[in-house]
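Only one structure is covered here, and it is reproduced in the block below.
The values are calculated or read from the model by the stated rules, or taken from the named source; none is laboratory data. Everything numeric in this text was worked out from a predicted model, so none of it was measured. Quick reminder, even Gly has a Cβ in these numbers, built from the backbone with ideal geometry, and neighbours come from all protein chains shown.
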Amino acid sequence: MSSGNPISTDRLRSAPKQQGFTLLEAMIVCVIIAILATLAVGGYRQTVIHAREAALHGDLDVMRRSINEYIHDKEAPPDSLQSLVDSHYIGSIPVDPITKRDDWDTEECPVDEYFDSDQTSAAGICDVHSSSQDVSPFENIPYSQF
């Protein structure tokens, strides 16, 4: 060792390398995390849509059964969905899980289709549908046709 040089070249070669990530390694990790997050968000959205469709099917089934029970009991179709609530066939008008409003499309049924021609009862509702015109990504039909 020479006395003029305080650090020898042997010491520089044997010094431990600095620990940590390079910028390239950090960027690769960030890209992988972004890809995984994108996949998770896509799967979450599909799960939410599927759950809303299942709730829509359930709500429509309950309302249609209630309409049929009302018709059977009263021998006339209900005037509106509110008539089902007022007569205690359903607790309340459910909120459409697709539109997030309780603005259901009702289908009016002609009286002579369900009843004797001598009955003078006014026509009422015989079916209910979602008011959404969006198309189901799973069933490929508009929600209004469920």
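Some notes on this structure:
- Residues of region 109-146 classified as at pLDDT below 75 and of a type outside the set (S, T, Y), total: 9
- Residue satisfying all of: in region 73-87; within 18 Å of P110 (Cα to Cα) and small (G, A, S); surrounded by the fewest Cβ atoms within 10 Å (Cβ to Cβ) among these: S80
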